[in-house]
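Participant: First, the structure itself, so that you have it in front of you.
The values are calculated or read from the model by the stated rules, or taken from the named source; none is laboratory data. On a predicted model such as this, the values are computed, not experimentally measured, just so you know. No Cβ is skipped: glycine too gets one built from the backbone with ideal geometry, and neighbour counts run over all protein chains shown.
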Amino acid sequence: MRRRRLLASGAALASLGATHLARPAIAQGASAKVLKFVPQADLANPDPIWTTATVATNHGYMVWDTLYGINDALVGQPQMVAGHEVSSDELTWTFKLREGLEFTDGAPVRGIDCVTSIQRWAAKNPFGQQLAMQTDEMKPLDDSQFQIRLKKRFRQMTYALGAQGCFIMPERMAKTPATEQIKEFVGSGPFIFKQDEWQAGTKAVYVKNPGYVPRQEKPEYISGGKVANFERVEWHTQPDPATAAAALQTGEVDWLEFPMLDLLPMLRKSAGCDVVRYDPLGALAIIAFNHLYPPFDNPKLLRALLPAIDQQEYVTAWVGEQQDLGTYPVGFFTAHSPMANDAGMGAFTSKRDLTAAKKLVAESGYNGEKIVMMAPSDQPSLVAPSQVSRELFTKLGLNVEYQVMDWGTLVARRAKMDPPSQGGWNVFHTTWGGLATSNPGSSFPLRGNGKKGWFGWPTDAKLEELRDQWFDAPDVATQKKICEQIQLEAFQNIPFMPVGQWYYPWAVRKDLTDFVKCAQVLFWGVRRT
């Protein structure tokens, strides 16, 4: 097992603290009222419904509030709502908003805002789509109440509205189709987005919302009291990790969301810096296959890969000796989450057998078709697994055409359903946030709904049927049993290939404290000592 080296040499790391290193144009001497943050990527599209990009979701939690929020046990808790009532047949849910909720333009938050926001969110979100399918009517009762009448029970209601980025926007904004981006960013959350200071590719600025009234509860995951302790939060885009690390060392910035792992040992030793990990679920690393075209439209070929997939190799390629930042074996659900199980896991835990895999590839009917593997040049956590797969596929006799491109180009190209020979693709690597892949309701890649689904578009009627059963399950124990069946089915048709799980630590200035333990980057609670 070896680490894929992503920087030129140890000398490159040693030179980071040098005074002559070029640094970002960020103002020196941040005061106690200003927090300076380097996000994992540029906030190019600030509409968290239009895009599923992590950076947009982090932005969403700053600007907009949610009706519910989940706690550390991943259970929905009231957030914007004061509470709800459910009819005895569980088909009618009536929600009442907290008093004093206002948008930053001075307008009160009303029932119609909530209904319209849920409808826009439901157009794209998997949980929202399921809720919409099971809804008979959704309507405001008055300014402070709204109601959802169901066709059949939806027992994941508070989780869906509390864990899936269902941000409440003013009605006029929420009327924007989910396929179009909103043009204004009025919210009711703990911060205000300074659209006049936003420079795509450079920075995004937020100021404390003076009208926000936090819940009188301890913050827990994305629930509880959202207390903003900084008057101003600045996001500074810095694509070069060495430059960002140097800026953290000198105190020019306070917080790096995504420091390169090669830099962590140095940052741990740097005066005034610390490396912390608050995300309890991490990210599931996957290989996404295009199921529409040969050769990966053939489940036999996909299953043939199983004896050769070494999750330890994939994890080590990224985390190296820092094994605490990786987890394996992992199945089709996030490790250490409630739905994770051992069904079929012998496919990954048994002794790896390259010879057996080559034999299965030959028996699968693979006929030497070219495999277009897209690999990003600017996402280090995806470069490493891409390199592992290229080597492995080649050893198995697969005809790999390795195409390197920036992440933005890859994201645009993966949406194309054209044949690989006409600008399409066969395979790429990505990671999914552990919360999303912790259950079949929110896991985009664990779907079998064909062209209506996530990139790769597998079709598996049994997988969809089991997913429906999971939504209808009366209790957690039944849900877990269904997830065992889902995992067994996934090992048969391979909607995607899980290759490990890893965690992204933050690098921060030591004077920051009280971070909220969560998969998202949250800016409430955190303060400077």
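Participant: Quick one: in the stretch 404-433, of everything that is in a helix (DSSP H, G or I) and among the aliphatic types (A, V, I, L, M), which residue is surrounded by the fewest Cβ atoms within 10 Å (Cβ to Cβ)? Walk me through how you get there before you give the answer.
Facilitator: If we filter the stretch 404-433 for residues that are in a helix (DSSP H, G or I), which is where we start, we get 407-414, 420-422.
When the remaining residues are screened for being among the aliphatic types (A, V, I, L, M), the result is 410-412.
On the way: Leu410: 22, Val411: 17, Ala412: 10.
Restricting to residues being in a helix (DSSP H, G or I) and among the aliphatic types (A, V, I, L, M), the top hit is Ala412.
Participant: Being small (Gly, Ala, Ser), closer than 21 Å to Gly224 by Cβ and not assigned by TED's automatic domain parsing to the domain that holds Glu217: is that true of Ala82 here? Step through it out loud before you land on a result.
Facilitator: On the way: small (Gly, Ala, Ser): yes; closer than 21 Å to Gly224 by Cβ: yes; not assigned by TED's automatic domain parsing to the domain that holds Glu217: yes.
It is true that Ala82 is small (Gly, Ala, Ser), closer than 21 Å to Gly224 by Cβ and not assigned by TED's automatic domain parsing to the domain that holds Glu217.
Participant: Please state which of the following conditions Leu264 fails to meet, knowing it meets all the rest: (1) more than 19 Å from the chain's Cα centre (by Cα); (2) under 27 Å from Val63 (Cα atoms); (3) surrounded by fewer than 20 Cβ atoms within 10 Å (Cβ to Cβ); (4) in contact (Cβ under 8 Å) with a residue 24 or more places away in the chain.
Facilitator: With respect to (1) more than 19 Å from the chain's Cα centre (by Cα); (2) under 27 Å from Val63 (Cα atoms); (3) surrounded by fewer than 20 Cβ atoms within 10 Å (Cβ to Cβ); (4) in contact (Cβ under 8 Å) with a residue 24 or more places away in the chain, Leu264 is out only on (2).
Participant: Same structure again: Going through Ala204, Ala285 one at a time, which residue ends up being farther than 28 Å from Val319 by Cα and of a type in the set (Gly, Ala, Ser)? Full working, then the answer.
Facilitator: Details: Ala285 fails: farther than 28 Å from Val319 by Cα.
Exactly one residue qualifies, and that residue is Ala204.
Matching residues to (1) assigned by TED's automatic domain parsing to the domain that holds Phe332; (2) hydroxyl-bearing (Ser, Thr, Tyr); (3) over 30 Å from Arg414 (Cα atoms); (4) touching a residue at least 40 places away in the same chain (Cβ under 8 Å):
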{"position": "Trp235", "(1), (2), (3), (4)": "no, no, no, yes"}
{"position": "Asp240", "(1), (2), (3), (4)": "no, no, no, no"}
{"position": "Ala244", "(1), (2), (3), (4)": "no, no, no, yes"}
{"position": "Phe258", "(1), (2), (3), (4)": "no, no, no, yes"}
{"position": "Phe289", "(1), (2), (3), (4)": "yes, no, no, yes"}
{"position": "Leu302", "(1), (2), (3), (4)": "yes, no, no, yes"}
{"position": "Ala317", "(1), (2), (3), (4)": "yes, no, no, yes"}
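Conditions (1) in contact with a Ser or Thr (Cβ under 7 Å, 6 or more places away or on another chain); (2) touching a residue at least 40 places away in the same chain (Cβ under 8 Å); (3) buried (at least 17 other Cβ atoms within 10 Å of the Cβ), marked per residue:
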position	(1), (2), (3)
Asp353	no, yes, no
Ala362	no, no, no
Gly368	no, no, no
Met374	no, yes, yes
Asp378	no, yes, no
Val383	no, yes, yes
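Participant: Now, a different point. Consider Phe185 carefully, then state whether it is within 18 Å of Gln129 (Cα to Cα), aromatic (Phe, Trp, Tyr) and either assigned to a loop (DSSP other than H, G, I, E, B) or without any contact (Cβ under 8 Å) to a residue 40 or more places away in the chain (or both).
Facilitator: In short, no.
Participant: When you look at Gly100, is it modelled with pLDDT under 95 and either closer than 22 Å to Ile222 by Cα or loosely packed, with under 15 Cβ neighbours inside 10 Å (or both), yes or no? Even if it seems obvious, please write down each step before you answer.
Facilitator: Details: modelled with pLDDT under 95: yes; either closer than 22 Å to Ile222 by Cα or loosely packed, with under 15 Cβ neighbours inside 10 Å (or both): yes.
Criteria met by Gly100.
Participant: Hey, could you check the stretch 451-475 for residues that are in a helix (DSSP H, G or I) and charged (D, E, K, R) and say which is modelled with the lowest pLDDT? Steps first, please.
Facilitator: Step one: of the stretch 451-475, the residues in a helix (DSSP H, G or I) are 451-452, 461-472.
After this cut, where a residue has to be charged (D, E, K, R) as well, the list is 451-452, 462, 464-465, 467-468, 472.
Values: Lys451: 94, Lys452: 88, Lys462: 98, Glu464: 96, Glu465: 97, Arg467: 95, Asp468: 93, Asp472: 91.
Out of the qualifying residues, it is Lys452.
Participant: Residue check: is Gln312 farther than 27 Å from Trp457 by Cα, outside the structural domain of Leu512 (by TED's automatic domain parsing) and surrounded by fewer than 18 Cβ atoms within 10 Å (Cβ to Cβ)? Write out each step before concluding.
Facilitator: Values: farther than 27 Å from Trp457 by Cα: yes; outside the structural domain of Leu512 (by TED's automatic domain parsing): yes; surrounded by fewer than 18 Cβ atoms within 10 Å (Cβ to Cβ): yes.
Judged against the criteria, Gln312 is a match.
Participant: Let me ask something additional. With respect to Ser364, determine if the residue is modelled with pLDDT of 95 or more and either closer than 29 Å to Pro280 by Cβ or in contact with a Gly (Cβ under 9 Å, 6 or more places away or on another chain) (or both).
Facilitator: Numbers: modelled with pLDDT of 95 or more: yes; either closer than 29 Å to Pro280 by Cβ or in contact with a Gly (Cβ under 9 Å, 6 or more places away or on another chain) (or both): no.
Answer is no for this residue.
Participant: Ok, one more. With the requirement that a residue be under 23 Å from the mean Cα position of the chain (by Cα) and part of a strand (DSSP E or B), what does the stretch 367-403 give you?
Facilitator: Result: Met373, Met374, Ala375, Pro376.
Participant: Mind checking which strands (runs of 3 or more DSSP E) fall wholly inside the stretch 228-335 and carry at least 2 residues that are over 26 Å from Phe444 (Cβ atoms)? Break it down into steps so the answer makes sense when it comes.
Facilitator: Details: elements: 232-236, 273-276, 283-289.
Per the criteria, 232-236, 273-276.
Participant: Among the residues of the stretch 45-59, is there at least one that is among the aromatic types (Phe, Trp, Tyr), modelled with pLDDT of 90 or more and farther than 24 Å from Ala412 by Cα? Explain how you work it out, then say what you get.
Facilitator: Applying the first criterion (among the aromatic types (Phe, Trp, Tyr)) to the stretch 45-59 yields 50.
Retained after the next criterion (residues that are modelled with pLDDT of 90 or more): 50.
The next check asks that each one be farther than 24 Å from Ala412 by Cα; those that pass are none.
No, the stretch 45-59 contains no residue that is among the aromatic types (Phe, Trp, Tyr), modelled with pLDDT of 90 or more and farther than 24 Å from Ala412 by Cα.
Participant: Which of (1) surrounded by fewer than 19 Cβ atoms within 10 Å (Cβ to Cβ); (2) under 14 Å from Met169 (Cβ atoms) does Thr94 not meet, given it meets every other one?
Facilitator: (2)
Participant: Report yes if Tyr278 is among the aromatic types (Phe, Trp, Tyr), within 30 Å of Gly83 (Cβ to Cβ) and in contact (Cβ under 8 Å) with a residue 12 or more places away in the chain, otherwise no. Steps first, answer last, please.
Facilitator: Working: among the aromatic types (Phe, Trp, Tyr): yes; within 30 Å of Gly83 (Cβ to Cβ): yes; in contact (Cβ under 8 Å) with a residue 12 or more places away in the chain: yes.
For Tyr278, the condition - among the aromatic types (Phe, Trp, Tyr), within 30 Å of Gly83 (Cβ to Cβ) and in contact (Cβ under 8 Å) with a residue 12 or more places away in the chain - is met.
Participant: Please state which of the following conditions Met173 fails to meet, knowing it meets all the rest: (1) without any contact (Cβ under 8 Å) to a residue 24 or more places away in the chain; (2) farther than 30 Å from Ala73 by Cβ; (3) assigned to a strand (DSSP E or B).
Facilitator: Against the list (1) without any contact (Cβ under 8 Å) to a residue 24 or more places away in the chain; (2) farther than 30 Å from Ala73 by Cβ; (3) assigned to a strand (DSSP E or B), Met173 comes up short only on (3).
Participant: Now, a different point. Do we find a residue being at pLDDT below 95 and surrounded by fewer than 15 Cβ atoms within 10 Å (Cβ to Cβ) anywhere in the stretch 325-340?
Facilitator: yes
Participant: Then there is this: Looking at Glu234, Glu257, Glu252, Glu220 in this structure, which one is of a type in the set (Asp, Glu) and either in contact with a Ser or Thr (Cβ under 8 Å, 6 or more places away or on another chain) or within 27 Å of Asp105 (Cα to Cα) (or both)?
Facilitator: Values: Glu257 fails: either in contact with a Ser or Thr (Cβ under 8 Å, 6 or more places away or on another chain) or within 27 Å of Asp105 (Cα to Cα) (or both); Glu252 fails: either in contact with a Ser or Thr (Cβ under 8 Å, 6 or more places away or on another chain) or within 27 Å of Asp105 (Cα to Cα) (or both); Glu220 fails: either in contact with a Ser or Thr (Cβ under 8 Å, 6 or more places away or on another chain) or within 27 Å of Asp105 (Cα to Cα) (or both).
Only one candidate qualifies: Glu234.
Participant: Quick check on this structure: which one of Asp65, Asp42, Asp72 is in contact with a Gly (Cβ under 7 Å, 6 or more places away or on another chain) and either modelled with pLDDT under 95 or not charged (D, E, K, R) (or both)?
Facilitator: Of Asp65, Asp42, Asp72, the one residue that is in contact with a Gly (Cβ under 7 Å, 6 or more places away or on another chain) and either modelled with pLDDT under 95 or not charged (D, E, K, R) (or both) is Asp42.
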